[in-house]
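Have a look at the structure below before the remarks.
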Amino acid sequence: MLNNYYSVTIPAQNTLKNLVVKSKNDQIHFIDGINEISSIGKIKKLNYNCHYIILLPAASLFYHSAPLKEKNPYRISEDNILSKFAEVKENFEEEYYYDYLEIVSDQTKAREIKFFAADKKLLDNLTRNMDKYKNNYLISALPVAIFNTTNKVVSANNYLLYYKINNSYTILTAVDKKLDLLQASILENDLETEIDKTQKYYLNNKNINLKVLEGNSNLLHLEEFMELEDDDFVFLTAMLWSIDKCQ
């Protein structure tokens, strides 16, 4: 089996944090740790067998949740999606790139669309050196990557997950193991208050207890054989999710 190389980049304030790993025979090896870079470009020494992944943190995203009602429950209309966006953002189609998750509750069968959109200027600037390698790179929302990975390792159906990135905290919540809420750029002094507020909301309004999880490498039970740097959970989950999607 050939080596597969993956370059994962996450915007961090005024810089870009980058992690390159090699995957072979179900083993993952770091290549030169986590580094700060000035721009995203092709890693020449890895040449054609490297996949590039860009994950946008919550603070860089426009997030919106909207109920979905359609005559045909098996088809999502593009016009319906765009109209939901237009309710809260003017000219978003011209100014934003977007993606979405469809959420269907196991209990109520209610359908929702979770929107994640990024400013076109931001993405165009990040990928300006990658345009001719479009088949080699993938862009997604970091919260979705973390949520996707967490669901694979957490048995609880309802939970609140918080993690630190760019010197502030992001909170994700899951109900029926489906992404339900996103808060970003929470200061450390406000974190406990925000967690308590969120727990009380779900308990009072939906009669749901949320298990509280701290985002770090212990959650994935990797601490005994892998030493990581700051924001380790963010980078590790992004890496694992990316490899899972690209294999």
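The values are calculated or read from the model by the stated rules, or taken from the named source; none is laboratory data. None of the values given here were measured: they were computed from a predicted structure. Positions of Cβ are generated from backbone atoms using ideal geometry, with glycine treated the same way; all protein chains shown enter the neighbour counts. To get the accessible areas, we keep the full protein, side chains included, count just its heavy atoms, and leave off ligands, DNA and RNA. Shrake-Rupley method; radii C 1.70, N 1.55, O 1.52, S 1.80 Å.
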Worksheet item: Which residues, counting only those in the range 211-229, are touching a strand residue (DSSP E or B) at 6+ places or on another chain (Cβ under 8 Å), at pLDDT 60 or above and not in a helix (DSSP H, G or I)?
Response: Lys211, Val212, Leu213, Glu214, Gly215, Asn216
Worksheet item: How many residues does the range 108-119 contain that are over 18 Å from the mean Cα position of the chain (by Cα) and modelled with pLDDT of 90 or more?
Response: 0
Worksheet item: Is the range 113-120 home to any residue that is under 18 Å from Pro11 (Cα atoms) and among the basic types (Lys, Arg)?
Response: yes
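Got a sec? Which of Ile53, Ile31 is open to solvent by 40 Å² or more (accessible area, probe 1.4 Å) and modelled with pLDDT of 70 or more? Please lay out each step first, then the result.
On the way: Ile53 fails: open to solvent by 40 Å² or more (accessible area, probe 1.4 Å).
Only one candidate qualifies: Ile31.
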Worksheet, complete the sentence: Expected single match for in contact with a strand residue (DSSP E or B) (Cβ under 8 Å, 6 or more places away or on another chain) and of a type in the set (Val, Ile, Thr) among Thr193, Thr149, Thr173 is Thr173
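Condition (residue is small (Gly, Ala, Ser) and either within 12 Å of the chain's Cα centre (by Cα) or open to solvent by 30 Å² or more (accessible area, probe 1.4 Å) (or both)) applied to the range 156-173: is it met by at least one residue?
Step one: filter the range 156-173 for residues small (Gly, Ala, Ser), giving 156, 168.
After this cut, where a residue has to be either within 12 Å of the chain's Cα centre (by Cα) or open to solvent by 30 Å² or more (accessible area, probe 1.4 Å) (or both) as well, the list is none.
Within the range 156-173 (the criterion being small (Gly, Ala, Ser) and either within 12 Å of the chain's Cα centre (by Cα) or open to solvent by 30 Å² or more (accessible area, probe 1.4 Å) (or both)), the answer is no, since none of the residues qualifies.
Sort through Thr127, Thr170 and tell me the only one that's in contact with a Pro (Cβ under 7 Å, 6 or more places away or on another chain) and closer than 27 Å to Glu95 by Cα.
Criteria check complete, one pass: Thr170.
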Response to the item:
The lone condition Asp232 fails out of (1) open to solvent by less than 90 Å² (accessible area, probe 1.4 Å); (2) more than 25 Å from Ser105 (Cβ to Cβ); (3) at pLDDT 75 or above; (4) more than 14 Å from the chain's Cα centre (by Cα) is (3)
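The rows are residues; the columns are (1) more than 16 Å from the chain's Cα centre (by Cα); (2) within 28 Å of Ile113 (Cβ to Cβ); (3) at pLDDT 70 or above; (4) open to solvent by less than 80 Å² (accessible area, probe 1.4 Å).
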{"site": "Ile10", "(1), (2), (3), (4)": "no, yes, yes, yes"}
{"site": "Val21", "(1), (2), (3), (4)": "yes, no, yes, yes"}
{"site": "Asn49", "(1), (2), (3), (4)": "yes, no, yes, yes"}
{"site": "Pro57", "(1), (2), (3), (4)": "no, yes, yes, yes"}
{"site": "His64", "(1), (2), (3), (4)": "no, yes, yes, yes"}
{"site": "Glu70", "(1), (2), (3), (4)": "yes, yes, no, yes"}
{"site": "Glu78", "(1), (2), (3), (4)": "yes, yes, no, no"}
{"site": "Glu93", "(1), (2), (3), (4)": "yes, yes, yes, no"}
{"site": "Tyr98", "(1), (2), (3), (4)": "no, yes, yes, yes"}
